[in-house]
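**Student:** Structure incoming, see below.
Throughout, read-outs are computed from the coordinates displayed, never taken from laboratory work. Keep in mind it's a predicted model, so treat the numbers as computed, not measured. Please note: Cβ atoms are built from the backbone with ideal geometry, for glycine as well, and neighbour counts cover all protein chains shown.
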Amino acid sequence: MAATPAATRRFLGSGVAAVPDGAHLTVALRRPSGVQLVELRGEQHLRSTADNVTNALLMLATLTTVAIGTWIVLLRPSKMTWAFFLYCASSGTLGVSMSVNLPSIAAAIDLALFGAMTTASFVPFTIFALRFPADRADGWRRQAQAVLLWSLAALVPLGIYISAGPFFAWPIAAAAFAGSALGVAGVVFVAVTFALAFFHAQPADRAKIRWVGFGLIVGYSGPLAFSIGSSVPGIAFDWPIPVLNIVNALEIAVPISVAYVILRHRVFDIRFVLGRAAVYGAVTTIVVAGVTLLDFLVGKILSGARLAAIGEAAVAIVVGLSLNGLHKRVEETVDALFFRGRRRAEQRLQRVGEGLLHAETADAINRALVTEVSSSLQLSSCAVFRRDDGWFVCDAAVGWDSTTRSIEAGAGAVLALGARRTPLAIRDGVWPAGLLPAGNAAPQYAVPIESRVRLDAFVLVGPHIGGEQLDPSELELLSDLCNSAAIAYEHLDAMLAIARASSLEAENATLRGIVTGITA
């Protein structure tokens, strides 16, 4: 390798397919008699229709992979989605090295980055697999995640060595075999991770893991076969270009399966993000298009009278004054067209809040809070706790299987909820053991119901049936409903106080009559 000129070695590092037509290369071959220099000349390769079609499919798959990874991390930035994005970005670098068109130093840097990203590309996806679908890494998952992060210290230099080795005349046969072996081991480890996660997951999570596991099988069966069939001595062979393109394009099954699970099984609720994005995007598009059109028309109509600037200013003022109304109408249209279910749930709970003010018993309020909330928002669990002589007792619940149904008023979580006066994440408080249900029914938030002076009750709500968390708009809706419940409870207490006062007044009148009769 060292006897091969540097001008030729850069092509060996990028693949012979990058050799331009007419280029002359000198390759050193080691023979028993010594080193022999062989002159090669690049010739144009006529690509077949299958080559061109499958190459276009591969490019489309690569762009789609990067687009899906970007979309997911923008929707909900987290450790899990960032790991998935890095996997998609590194998958998109396959075949992108442009070192043959760069100066020597830049070519070396390009090859080094290319090798580092491709060799270590399975690490971010494995971290994603460890955290999917709840974005947590507990127990053995946490330890495996730490090992993977430390493994980057070896994988990155190995990838740099393999890709940049031919450029610097380094021997890479053993390193390339080790890289392929590690890639196969990485795929196997991901498969084992998904299998263990599936067997230990809750029933609601198994469907999500099953779909991503199916995408993993489809996407990695081909690349796994290619790694084995092109690296193992004795069975290695050249793969036709169309087959190789299809094998690499099949990796799109992985991001598509993840996107499908997010949309179908709601790993996290995208409606809150998409709703606002659609509203503001539509408003911006309408305003920009309208102003542009009016600018064109006004300029054409009034250009001869020197009134174009005045007309444009008037149009801009009218548009500015109408933005609030336009925003409201666009938001209502978007909700009606794309978020009808969410809109119906909001309207239903608003009617429930108005109806609570007319409830005649506390049981009616409790049942309305639990059944209407869980049904409208499709929650896995919901329970209402009311104050009773220094304790908070569960008066109504849906989806609860815990035997403990009371908590002291002086418990830390209750005190924190009373001081906060806004929804409290369950993880931010200390709750008694055995109080909260486990699994998918485990509550995520506690929503306070407060009078003017103290915490009278609170509602514990779990995630949606699909396992996704409540979004800010749903928490705000629950807060408004609990405020209505607080007024309803106060109204009932006031009516009971009036009834007791009337009863005492009647008793006093009766007693006064008796006393008057005795003393008369």
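**Student:** Can you give the FRET efficiency for Glu476 and Ala225, using 1/(1 + (r/R0)^6), R0 = 51 Å, r = Cβ-Cβ distance, to the nearest 0.05?
**Tutor:** 0.50
**Student:** 7 Å from Cα along Cα→Cβ at both Glu505 and Ala174: what's the point-to-point distance in nm?
**Tutor:** 10.1 nm
**Student:** Each residue of segment 133-138 in turn: what ³J(HN,Hα) in whole Hz from Karplus with 6.51, -1.76, 1.60 and θ = phi - 60°, glycine and Pro shown as x?
**Tutor:** x, 8, 6, 10, 9, 10
**Student:** Moving on to the next point. Please give the contour-minus-distance gain from Leu196 to Glu360: 0.36 nm per residue of separation, less the Cα-Cα distance, rounded to one decimal in nm. Let's see the in-between values first.
**Tutor:** On the way: separation 164, 0.36 × 164 = 59.04 nm, distance 5.22 nm.
Working it through step by step, the gained length comes to 53.8 nm.
**Student:** Skipping prolines and chain starts, which residues have an amide H placed within reach, meaning under 5 Å, of the one on Asp456, given they are 5 or more residues away or on another chain?
**Tutor:** Distant-sequence amide H within range of Asp456: Ile449, Glu450, Ser451.
**Student:** For Ala396, what residues show an amide H to amide H distance below 5 Å, using hydrogens built from the backbone and excluding near sequence neighbours?
**Tutor:** So Ala396 has HN proximity to Val384.
**Student:** Still on this structure, I have one more. Quickly rank 444-453, 142-151 as a protection proxy: mean count of other C-beta atoms within 10 Å, highest first.
**Tutor:** 444-453, 142-151
**Student:** Beyond 18 Å, what percent of the Cα pairs of segment 434-520 remain?
**Tutor:** 64 percent
**Student:** For Phe198, Phe392, Phe385, what ranking results if the residue with the fewest other Cβ atoms within 10 Å of its Cβ goes first?
**Tutor:** Ordered from fewest to most neighbouring Cβ atoms within 10 Å, Phe198, Phe392, Phe385 come out as Phe198, Phe392, Phe385.
**Student:** Tell me, Leu369, Leu58 in order of fewest to most beta-carbon neighbours within 10 Å?
**Tutor:** Fewest to most other Cβ atoms nearby, the residues stand as Leu58, Leu369.
**Student:** For an R0 of 56 angstrom, estimate the FRET efficiency from the Cβ-Cβ distance between Ala497 and Arg343 and round to the nearest 0.05.
**Tutor:** With a Förster radius of 56 Å, E is 0.90.
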